[in-house]
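So the structure is just underneath, and the comments pick up after that.
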Amino acid sequence: MTENRVWLIDLDLSVKSGVRFADNSTILAEGFGKVLIMINDGKKTFMLDVLYVLSMKNNLLSLGQLLKKGYTMTMQQNLIEVYDSK
């Protein structure tokens, strides 16, 4: 989730949805798009289905959603590495 509209490519504002947090609070996602990211080998890829949330103060990455989409990850110290099936 991000509030940074300029990061979102192919932003679809027609899809609105509520997002519920662990404390049971909710916010409205105003749409979704994809974000271009640079991977370690210098190639570029897209993170898909990124929610556009105007009220976000920080970007959030859901590890649960990544797992559902088939990504794997390793975490150690202050670093997380995310891998896709390729």
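Applying the condition of being part of a loop (DSSP other than H, G, I, E, B) and within 24 Å of Asp84 (Cα to Cα) to the range 5-52 and asking which residue is nearest to the chain's Cα centre (by Cα) yields Ile39. Among the residues here, Asp84 qualifies as among the acidic types (Asp, Glu) and farther than 15 Å from Thr2 by Cα. Can you find a residue that is without any contact (Cβ under 8 Å) to a residue 24 or more places away in the chain and in a strand (DSSP E or B) anywhere in the range 53-68? No, the range 53-68 contains no residue that is without any contact (Cβ under 8 Å) to a residue 24 or more places away in the chain and in a strand (DSSP E or B). When restricted to residues that are within 14 Å of Asn59 (Cα to Cα) and either out of contact with any Lys or Arg (no Cβ under 9 Å at 6 or more places or on another chain) or free of Cβ contacts under 8 Å to residues at least 40 places away in the same chain (or both), the range 1-20 contains 7. Which of the following residues is at pLDDT 90 or above, among the small types (Gly, Ala, Ser) and surrounded by 10 or more Cβ atoms within 10 Å (Cβ to Cβ): Gly33, Gly18? Going through Gly33, Gly18 in turn, just one is at pLDDT 90 or above, among the small types (Gly, Ala, Ser) and surrounded by 10 or more Cβ atoms within 10 Å (Cβ to Cβ): Gly33.
Considered as a group, the residues in the range 51-86 that are among the β-branched types (Val, Ile, Thr) and surrounded by 10 or more Cβ atoms within 10 Å (Cβ to Cβ) include one that is nearest to Ala29 (Cα to Cα), and that residue is Val53.
The values are calculated or read from the model by the stated rules, or taken from the named source; none is laboratory data. Computed from a predicted structure; not experimentally measured. For neighbour counting, all protein chains shown are included, and Cβ atoms are generated from backbone atoms with ideal geometry for every residue, glycine included.
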